[in-house]
Each structure stands twice: as C-alpha cells, then as structure tokens.
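**Student:** After the structure tokens below, expect a handful of questions from me.
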Amino acid sequence: MCLAIPGKLVEILPEQENVGVVDVVGVRRKVQLGLLAEDMPKTGDWVLIHVGFAMSKISESDAAEQMHLLSMLGEKEMAMEEVRGYGLDEHPNHIGTEEPTRADPSRPRSMENG
C-alpha cells in the first residue's frame, strides 16, 4: 500500500534548494519540496509526504483526518516506519526518541514476519 503521510513544515533549509524539515508526530525528517515549486509551502504549512517528497499541501484539519484514517486502517505504525525509514535524511535536531521497531536490524524485512 502506498502511504501519504501528513507532516507540518517546521523549517526550510536555506543551504539546500527545495528542502525542508517536516514534523510527523514528533519525528522530524528532511523532505524534498521541489514538486510543489509552483505553490511552495511555507513554515507552518501542512504537506502530504510520500517516500521523502512533499506531494501536496493540505489543511491542518485534512492532516488530522488523514492520520485518523491511517489509525483506523491499522496503518499508522507502517506510516511512522516509513517516516523513520527516510534514513540518511534524518534531521540532526529531530524531536522524539523513536527508533525503528525492527526486532533484529540484521535480518531482512522479508524475514521479520515469517
């Protein structure tokens, strides 16, 4: 399933073109904003994120509804795993202490559920 995850833009990085930092339930990650160049989001705006790219701007109420929908579908943890999985793009000042919930990082993901 492809997940679109809402995040609040908390910082635009001047040293990197079209890159911002979003907060998704306390986890901060860099995202690419270039797909929204015609209507560039500003700090405080909400965006839908997919694989590290801001895909569209949304309202705060739509963001809350999207997270509620992910929870109802049982996909909220998968969404958070995707955010954590942006990996090397981790912002050095991220909030939260969440770590990936993988039982054994040395095992391939395909072996974890089987």
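The values are calculated or read from the model by the stated rules, or taken from the named source; none is laboratory data. This is a predicted model, so every value here is computed, not measured. In this analysis, Cβ positions are derived from the backbone assuming ideal geometry, glycine residues included, and neighbour counts consider all displayed protein chains.
**Student:** Inspect all residues belonging to region 9-18 and state whether any of them is of a type in the set (Val, Ile, Thr), under 15 Å from the mean Cα position of the chain (by Cα), part of a loop (DSSP other than H, G, I, E, B) and closer than 23 Å to residue 68 by Cα.
**Tutor:** Within region 9-18 (the criterion being of a type in the set (Val, Ile, Thr), under 15 Å from the mean Cα position of the chain (by Cα), part of a loop (DSSP other than H, G, I, E, B) and closer than 23 Å to residue 68 by Cα), the answer is no, since none of the residues qualifies.
**Student:** Of the residues in region 19-42, how many are in a loop (DSSP other than H, G, I, E, B) and under 16 Å from residue 59 (Cβ atoms)?
**Tutor:** Going through region 19-42 one residue at a time, the tally reaches 2.
**Student:** Filtering region 34-53 down to residues that are at pLDDT 95 or above and either closer than 14 Å to residue 5 by Cβ or touching a helix residue (DSSP H, G or I) at 6+ places or on another chain (Cβ under 6 Å) (or both), which residue is surrounded by the most Cβ atoms within 10 Å (Cβ to Cβ)?
**Tutor:** Among those residues, the one meeting the criterion is 47.
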